[in-house]
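The values are calculated or read from the model by the stated rules, or taken from the named source; none is laboratory data. Being a predicted model, the structure only gives us computed values, none of them experimental. A quick note on method: Cβ atoms are made from the backbone with ideal geometry, for glycine too, and the neighbour counts reach across all protein chains shown.
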Amino acid sequence: MAKAMADESIPGAVVAIVQDGRIGTYTMREPMHAVEARLPSRQFARLNRSVLVNVDAICEIQPYFRGDFAVVLRDGSHVITGRTYRERIRRRFSLV
């Protein structure tokens, strides 16, 4: 399973790719939305400004404050959805 994390506010941000418990870091020269566009949309979901996740890595999606969601990943980590992406997550995973 792979998860990509970055900070779009920093040009050339460092991206951490987490796969099977191993972390690799890479310097990007493009924004996360460009990385997202290159990945298969059926396999990856954007959870917030900094996180793209392989949908196979999602274990559970829980309601969180103000309509957001807490996404629990198989490695035990939690990612909170951003308000920009919560409706997309709601529709994609048929959440009420």
Hey, can you tell me all the residues within the stretch 56-74 that are modelled with pLDDT under 90, surrounded by 15 or more Cβ atoms within 10 Å (Cβ to Cβ) and within 15 Å of Arg92 (Cβ to Cβ)?
Ala57
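Looking at this structure, is Leu39 hydrophobic (A, V, I, L, M, F, W, C), within 14 Å of the chain's Cα centre (by Cα), modelled with pLDDT of 85 or more and surrounded by 14 or more Cβ atoms within 10 Å (Cβ to Cβ)?
Details: hydrophobic (A, V, I, L, M, F, W, C): yes; within 14 Å of the chain's Cα centre (by Cα): yes; modelled with pLDDT of 85 or more: no; surrounded by 14 or more Cβ atoms within 10 Å (Cβ to Cβ): yes.
No.
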Tally time: how many residues in the stretch 42-96 are under 13 Å from the mean Cα position of the chain (by Cα), aliphatic (A, V, I, L, M) and more than 19 Å from Pro31 (Cα to Cα)?
11
